[in-house]
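Enquirer: Please read through the structure below; I'll follow up with questions.
The values are calculated or read from the model by the stated rules, or taken from the named source; none is laboratory data. This structure is a prediction, so every number in the text was calculated from the model and none was measured. Positions of Cβ are generated from backbone atoms using ideal geometry, with glycine treated the same way; all protein chains shown enter the neighbour counts. Remember, those area values only see protein heavy atoms, side chains included, never the ligands or the DNA or RNA. Shrake-Rupley method; radii C 1.70, N 1.55, O 1.52, S 1.80 Å.
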Amino acid sequence: MTSIRISWPGGSVIADLDAGPTVERLLAVLPCTSDINTWGEEVYFSLPIRAALEPGAQQVVPPGTVCFWVDGSALALPWGRTPI
């Protein structure tokens, strides 16, 4: 498992990431900056990487799961319900 720090002017959080090709791509571009967006009770931000769905990828994840949205090239941090 790999840990990264996601920070903003008011604080930060440590995210634990499972090993895989997407995480390798993410680590290769760090550190980087991005604008934060929200969708329902989810924060996401674009990253300068492209990735394909990995085996075992899920469309719905429990709150607190750190995931990569392949269609939007964004890291997503859901904490509750989204519009779908």
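Enquirer: State the extension gain, in nm to one decimal, for the chain segment bounded by ILE84 and TRP8, taking 0.36 nm per residue of separation less the distance between their alpha-carbons.
Expert: Stretched fully, the ILE84-TRP8 segment lengthens by 24.6 nm.
Enquirer: To continue, here is another question. Can you give the relative contact order of the chain as a percent, counting alpha carbon pairs under 8 Å and 6+ residues apart?
Expert: 25
Enquirer: Provide the descending list of Cα extents for the chain along its principal axes, expressed in whole angstroms.
Expert: If we take the Cα atoms of the chain, the spans are 34, 31, 21 Å.
Enquirer: Keeping all protein chains in place, calculate the accessible area per residue for the chain (probe 1.4 angstrom), answer in Å².
Expert: The answer is 71 Å² per residue.
Enquirer: How far is it, in nm, from the label point at SER34 to the one at ASP18 when both lie 7 Å from their Cα along the line to the Cβ?
Expert: Going from the SER34 label point to the ASP18 one covers 1.9 nm.
Enquirer: To the nearest 10 square angstrom, how much accessible area does TRP69 have with a 1.4 angstrom probe?
Expert: So the heavy atoms of TRP69 present about 120 Å² to solvent.
Enquirer: Counting Lys and Arg as +1 and Asp and Glu as -1, each charge on the Cβ, what is the dipole of the chain about the Cα centre in debye, to the nearest 20?
Expert: 100
Enquirer: How much of the accessible area of the chain, in percent, comes from carbon and sulfur atoms when a 1.4 Å probe is used?
Expert: Roughly 54 percent of what the probe reaches on the chain is carbon or sulfur.
Enquirer: State, to one decimal in nm, how far the label point of GLN59 lies from the label point of SER46, with both points 7 Å from Cα in the Cβ direction.
Expert: 2.5
Enquirer: Residue-wise, which Karplus ³J(HN,Hα) couplings in Hz belong to segment 22-35, taking 6.51 cos²θ - 1.76 cosθ + 1.60, θ = phi - 60°, and x for glycine or proline?
Expert: So the J values, rounded to whole Hz, are 5, 5, 4, 5, 4, 4, 5, 9, 7, x, 8, 10, 7, 7.
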